Every structure is written in structure tokens, then in C-alpha cells.
2 protein chains.
Amino acid sequence: MNLQNISQSKVAGGWHKQYQHDAKSVNCMMQFAIFLPPNASETNKVPVLYWLSGLTCDDQNFMQKAGAFKKAAELGIAIVCADTSPRGDGVPDDENAAYDFGLGAGFYVNATQAPWNKHYQMADYINQELPALVEAHFPVTEQKSISGHSMGGHGALTIGLKNQQNYQSISAFSPICNPIDCPWGKKSLSNYLGNNQSDWLEYDASQLIKAGCILPILVDQGEADQFLETQLKPQRLLNAAEENGVDLLLRMQPGYDHSYFFISSFIDDHLAFHAKHLKAINDIK
Amino acid sequence: MNLQNISQSKVAGGWHKQYQHDAKSVNCMMQFAIFLPPNASETNKVPVLYWLSGLTCDDQNFMQKAGAFKKAAELGIAIVCADTSPRGDGVPDDENAAYDFGLGAGFYVNATQAPWNKHYQMADYINQELPALVEAHFPVTEQKSISGHSMGGHGALTIGLKNQQNYQSISAFSPICNPIDCPWGKKSLSNYLGNNQSDWLEYDASQLIKAGCILPILVDQGEADQFLETQLKPQRLLNAAEENGVDLLLRMQPGYDHSYFFISSFIDDHLAFHAKHLKAINDIK
């Protein structure tokens with residue numbers, strides 16, 4: 001079967017498990033992790049929160065550092081953590097192996113430029129292939145929400161905004177809100193998508209949100225984040241949301257930085273936010 | 001000043017900070033981490049839980065993976081995480097750089113054998129030098145409890161049992177309970193202390209507990225722990241405690257393994273256990 005279990009540990013009464021699978025969209029073996037809460041079973045399927053991590057991360061950073069399992073177990077939510085880029089010997093990387101482009105830095109786009117376009121199809125992987133696989137093999141419903149951190153916050157926002165029918169709610173920690181106008185975004189988008197900047201707009205949350213959003217959005221941002229002014233720019237997202245009547249709550253958190261210490265401090269709020277919207281749909285069924 | 005801050009992050013309303021200092025007992029620079037809860041101040045000093053990590057770990061494993069901050073913040077307890085051995089270019093290591101002896105594997109003993117005895121004085125470092133430093137420089141009381149995982153569980157039990165006047169309570173996850181009779185223990189104790197096995201007894205919790213203990217002890221052990229039978233042997237500790245009237249609760253936890261996923265599942269119970277005993281003393285004051 002195209003799904004191989006590579007680890008499992010009981011945690012908070014549920015299970016943390018890692019899998020590998022041969023992913024068609026990105027043309028390589030991909031690894032992901034899933035947390036299944038104690039109440040998940042074939043007769044009691046649970047909704048899923050998809051988590052997208054930031055630059056340099058893989059499927060484990062959130063699972064090991066976010067401290068999310070107790071609350072997710074209590075709320076009855078599964079969590080799926082994807083990798084942040086395609087991986088493997090055949091997958092091209094930044095020529096200098098930089099941390100902010102290439103391996104570990106897929107930016108959750110569908111690349112159009114060679115050599116990146118053969119593997120860097122992370123938007124399709126996250127929005128289509130991974131959920132289809134998870135829903136086929138685990139005791140989960142089709143109810144999904146999406147969240148992430150930094151580059152993964154950008155991924156959660158852009159994938160959620162472009163596919164609002166697929167998700168119930170969107171949240172982000174310290175997201176890259178306007179990648180067409182920051183150094184991390186410009187480097188990645190020009191390489192993956194080419195130099196025609198109009199092609200970048202569909203991967204910029206502050207642009208996408210101008211078309212409106214029927215989903216609620218929660219964003220937490222640390223005020224002591226070293227990347228706040230140069231890379232993240234949440235005020236631009238908030239302004240665009242307010243101008244277009246989108247239900248977006250931006251919480252500026254004094255003293256917090258860009259680390260998982262910040263995420264672990266507020267992840268319970270995000271889980272409760274998503275649970276409220278996932279539950280509302282389930283109750284209708 | 002002999003105390004250099006090397007990182008700080010706000011977390012759960014408090015602060016996680018890392019420091020380096022020139023440690024006399026172990027003759028090298030040592031690194032440790034401290035969590036200060038939101039209510040800690042010079043006018044409101046808080047008690048401290050000392051955490052000792054296991055083989056291969058340093059001061060960060062618990063801080064990043066245990067998910068302990070929310071409960072510690074709520075209870076008003078500081079947490080100090082030490083390193084697991086002396087470090088640095090001049091510190092000898094296992095001749096094959098093995099994971100279970102030498103660097104990252106100090107076993108919390110005071111070594112008597114060359115070349116180990118120059119630096120591997122971890123029992124004194126944990127029980128004397130580190131608390132004195134912490135109490136001199138941070139808003140903490142002298143009230144202390146001690147806990148740890150695996151080799152660090154062995155450290156917490158043996159240091160706590162030998163210095164009952166210094167602590168209010170002892171706990172451990174998956175501790176090495178009878179190191180004089182398991183492969184990890186025999187390798188380390190023979191190297192650090194020599195081949196006279198009577199010299200090992202003061203570093204074996206199942207032996208030390210025969211002299212009694214006035215402190216309460218909580219031990220959690222996963223039943224799916226791969227090291228349970230060969231290395232850990234908690235039943236021997238429980239038997240010795242029961243035969244000698246020691247207040248030790250051993251909880252066998254079905255399905256859990258040796259990882260931090262296990263620790264994160266039950267750390268709140270340990271924090272509440274220690275808080276109860278630390279608070280009781282504070283209330284008397």
C-alpha cells in the first residue's frame with residue numbers, strides 16, 4: 001500500500017503517528033505526521049486541522065514543540081502536519097542551500113518555472129493529495145480547517161482563501177502576509193513563478209483577501225518578533241480584510257517572538273477557534 | 001559576572017531563558033535553562049522544580065518538548081533544566097563517543113576515577129552549585145523539588161533520596177531504578193566509580209530507598225517503553241519502597257513509550273504534585 005507507518009507514540013490518550021507515501025503531485029516520497037485524539041474511531045470520525053510549518057521545518061516541529069495534544073484530545077480534533085517542501089535526492093535545492101528557498105522552503109505554491117516545477121507543487125499537495133489520502137486511511141471526516149506558522153501561516157492563508165469551500169476556518173501565527181513585497185517572498189516567488197509579478201498575486205494573502213472570504217480568520221503575531229517589520233507585515237492583511245468586510249481578528253501579543261514558545265502559548269486558543277467552526281458544521285449533519 | 005544570558009523568549013506569560021556560567025564543581029562552562037512564571041518577582045519569589053534530562057539530552061529537550069509551561073505558569077513554579085554532563089573541549093568522552101556514557105551521559109554521580117573525576121561531578125553540580133547560583137540571581141525561594149526522565153529520573157531519585165533536607169518532593173518519568181543491575185548503569189558506574197560495586201550503592205535508588213524517605217515520590221512509567229525490562233525495572237524500586245514504608249506512587253501507564261510524548265501527557269500531574277508539597281511549606285512560613 002502507498003502509505004507506510006514509520007513511527008507511533010501514544011500521547012494525551014491519543015496517538016501521534018508518522019507516515020511516508022509516494023506523492024504524485026510533488027513526484028517524490030513525502031512524510032507527514034498525524035495526531036488522532038482518543039475519541040477517533042471508524043464509528044466516530046473526527047474533523048482535521050491541517051498545520052503548515054515554516055522555513056527549515058518538517059512534519060515534526062509542531063508535533064514536538066507546540067504542546068497542542070491535550071487541547072486537541074479534549075476537543076476531539078485530529079491534526080495533520082505536512083512537510084514544508086518536496087524532499088529527496090532528485091529534488092533541486094537552492095544553489096547555496098539557503099534556508100529560505102528550496103528544500104524546507106516550498107512556500108506552498110505550485111511552481112511554474114524549471115527546474116522547480118517538477119516537484120515544487122506544494123499547493124496541490126496540501127489542498128488535494130494529502131487530504132484525500134488522510135480521508136481514505138484514517139477515521140476522519142471531510143471537515144477541515146487550516147493553520148500554520150510564518151511561511152506556513154502564508155500557506156494556510158493563501159490555500160484557505162483560494163479554496164474556501166474546502167475549509168471551515170483559517171488561522172495563522174506570525175504569517176508572511178504580503179510576500180510580493182518582502183525579501184523572503186520575492187526570492188521564492190521569483191524563482192518558483194518567474195519574474196512576471198502578476199503571477200505572484202494568487203499567492204499573496206493581502207491580495208487574495210480583497211476578493212472577500214466567507215471563513216473566519218484568526219491571526220496571532222508577537223510584537224517582539226524580529227521578522228515583524230521586514231518580512232511579516234500583518235497590518236497590511238488586516239487593512240485589506242477590514243476594507244473588504246472579512247471577519248479577521250489580528251491579535252498583537254506583547255513580548256512574544258517568532259519561536260514555538262510563542263505558538264505553544266496560544267495554540268489552545270486556535271484549536272478552540274477551529275473546533276467551534278468545525279463543530280458547527282458537524283452539528284448540522 | 002559569572003552568569004551570561006544567551007537567549008530569552010516569552011512563553012505562557014512568563015519567560016524561558018538560557019544561561020552559561022563557569023561551573024566550579026565540574027570545572028567547565030555549563031549551560032542551563034530556567035522558566036520563570038508570570039508571577040515571579042523580587043517581591044514574590046517562587047519555588048523551583050529542578051528537571052534532570054536523560055541520555056543524549058541537554059538543557060533544551062524538556063523546555064521545548066514537555067509542554068509544561070501553561071501549568072507551571074498557573075501554579076507559579078519556576079523550572080530549571082540542567083545539562084546532562086560536563087561539556088567542552090577538555091572534557092573526556094567515551095572512546096567510541098557512545099550515547100550512553102561520557103558527554104550527554106553524566107549519570108548525575110560524583111566520579112572518583114581518572115580521567116572522569118576532574119569534570120564529572122554532576123551530583124554536586126545539581127545539588128549544590130546550580131541551586132546556589134539560581135537562588136542568588138533569580139526571584140526564587142529556597143523551596144525545591146526535583147524530577148527527571150530516564151537517566152534523569154535516576155538522578156532525581158538518587159539526589160533527592162540522599163539530600164532529603166534540600167527538597168520537598170521527588171518525581172520521575174521512566175527512571176533507571178536499579179542501575180547497579182542494568183547495562184546502562186553498570187557501564188557508567190564502573191567507569192565513573194571503579195569496579196568496587198559497594199561504591200555504586202549510593203547511586204542506586206532501589207538501594208538508597210531502603211534507608212527510608214520522608215519525601216513523597218511519584219513515578220510514571222509507560223508500559224510500552226522499550227527499555228522497561230532491560231534498563232528501568234521500576235518494580236524493584238516499588239518493592240523496596242513498600243518494604244520500607246516510603247510514600248511512593250508508581251503509575252504504570254498503558255500504551256506509552258519512552259519519549260517526550262509520554263512526558264508531555266503527564267507532566268501536569270507532576271507539576272501539581274510538586275506544587276502541593278512546595279505550597280504546603282510556603283504556607284507555613
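The values are calculated or read from the model by the stated rules, or taken from the named source; none is laboratory data. Nothing here was measured: the structure is a model prediction, and the numbers come from that model. Cβ atoms come from the backbone with ideal geometry, glycine included; neighbour counts cover every protein chain shown.
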*Under the condition of being more than 19 Å from residue A:108 (Cα to Cα) and of a type in the set (S, T, N, Q), which residue from segment A:195-227 is surrounded by the fewest Cβ atoms within 10 Å (Cβ to Cβ)?*
A:226
*From the list A:97, A:105, which one is on the phi > 0 side of the Ramachandran plot and out of contact with any strand residue (DSSP E or B) (no Cβ under 8 Å at 6 or more places or on another chain)?*
A:97
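A quick yes/no check of all residues on (1) buried (at least 17 other Cβ atoms within 10 Å of the Cβ); (2) free of Cβ contacts under 8 Å to residues at least 60 places away in the same chain:
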residue: A:90; (1), (2): no, no
residue: A:94; (1), (2): no, yes
residue: A:105; (1), (2): yes, no
residue: A:111; (1), (2): yes, no
residue: A:121; (1), (2): yes, no
*Given (1) of a type in the set (Ser, Thr, Tyr); (2) surrounded by 15 or more Cβ atoms within 10 Å (Cβ to Cβ); (3) touching a residue at least 24 places away in the same chain (Cβ under 8 Å); (4) at negative phi, index of the condition residue B:230 fails*: (2)
*Considering B:199, B:268, which residue is of a type in the set (D, E, K, R) and within 14 Å of chain A (Cβ to nearest Cβ)?*
B:268
*How many of the residues making up segment A:173-188 are surrounded by 24 or more Cβ atoms within 10 Å (Cβ to Cβ), in contact with a helix residue (DSSP H, G or I) (Cβ under 7 Å, 6 or more places away or on another chain) and more than 14 Å from every other protein chain (Cβ to nearest Cβ)?*
4
*So how many residues does segment A:11-33 have that are out of contact with any His (no Cβ under 8 Å at 6 or more places or on another chain), within 14 Å of chain B (Cβ to nearest Cβ) and part of a strand (DSSP E or B)?*
6
*Got at least one residue in segment A:56-74 being crowded, with 19+ Cβ neighbours inside 10 Å, away from every other protein chain (no Cβ under 14 Å), in contact with a helix residue (DSSP H, G or I) (Cβ under 9 Å, 6 or more places away or on another chain) and not in a helix (DSSP H, G or I)?*
no
_Given the condition of a type in the set (A, V, I, L, M) and either assigned to a loop (DSSP other than H, G, I, E, B) or more than 30 Å from residue A:94 (Cβ to Cβ) (or both), answer yes or no: does some residue in segment A:139-154 qualify?_
yes
*What is the number of the single condition among (1) under 30 Å from residue B:40 (Cβ atoms); (2) touching a helix residue (DSSP H, G or I) at 6+ places or on another chain (Cβ under 6 Å) that residue B:84 does not meet?*
(2)
_Anything in segment B:235-256 that is facing another protein chain (nearest Cβ under 9 Å) and surrounded by fewer than 21 Cβ atoms within 10 Å (Cβ to Cβ)? List them, or say none._
B:253, B:254, B:255
_Going by what's in this entry, would residue A:98 be described as hydrophobic (A, V, I, L, M, F, W, C) and buried (at least 18 other Cβ atoms within 10 Å of the Cβ)?_
no
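Every residue, every condition in (1) within 18 Å of residue B:67 (Cβ to Cβ); (2) touching a residue at least 60 places away in the same chain (Cβ under 8 Å), yes or no:
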residue: A:240; (1), (2): no, no
residue: A:248; (1), (2): no, no
residue: A:252; (1), (2): no, no
residue: A:255; (1), (2): no, no
residue: A:258; (1), (2): no, yes
residue: A:264; (1), (2): yes, yes
residue: A:274; (1), (2): no, yes
*For segment B:185-285, list the helices (runs of 4 or more DSSP H) that sit wholly inside it and hold at least 1 residues that are at pLDDT 95 or above and touching a Cys at 6+ places or on another chain (Cβ under 6 Å); which are they?*
B:205-208, B:234-243
*Return a yes/no flag: does segment A:156-164 have any residue that is within 14 Å of chain B (Cβ to nearest Cβ) and either crowded, with 23+ Cβ neighbours inside 10 Å or in contact (Cβ under 8 Å) with a residue 60 or more places away in the chain (or both).*
no
*Look at segment B:125-145 and say how many of its residues are closer than 12 Å to residue B:85 by Cα and not hydroxyl-bearing (Ser, Thr, Tyr).*
1
*Name the single residue, out of those in segment A:137-155 being of a type in the set (S, T, N, Q) and touching a helix residue (DSSP H, G or I) at 6+ places or on another chain (Cβ under 6 Å), that is farthest from residue A:44 (Cα to Cα).*
A:147
_Looking at residue B:44 and the list (1) more than 14 Å from every other protein chain (Cβ to nearest Cβ); (2) closer than 26 Å to residue B:189 by Cα, which single condition is not satisfied?_
(2)
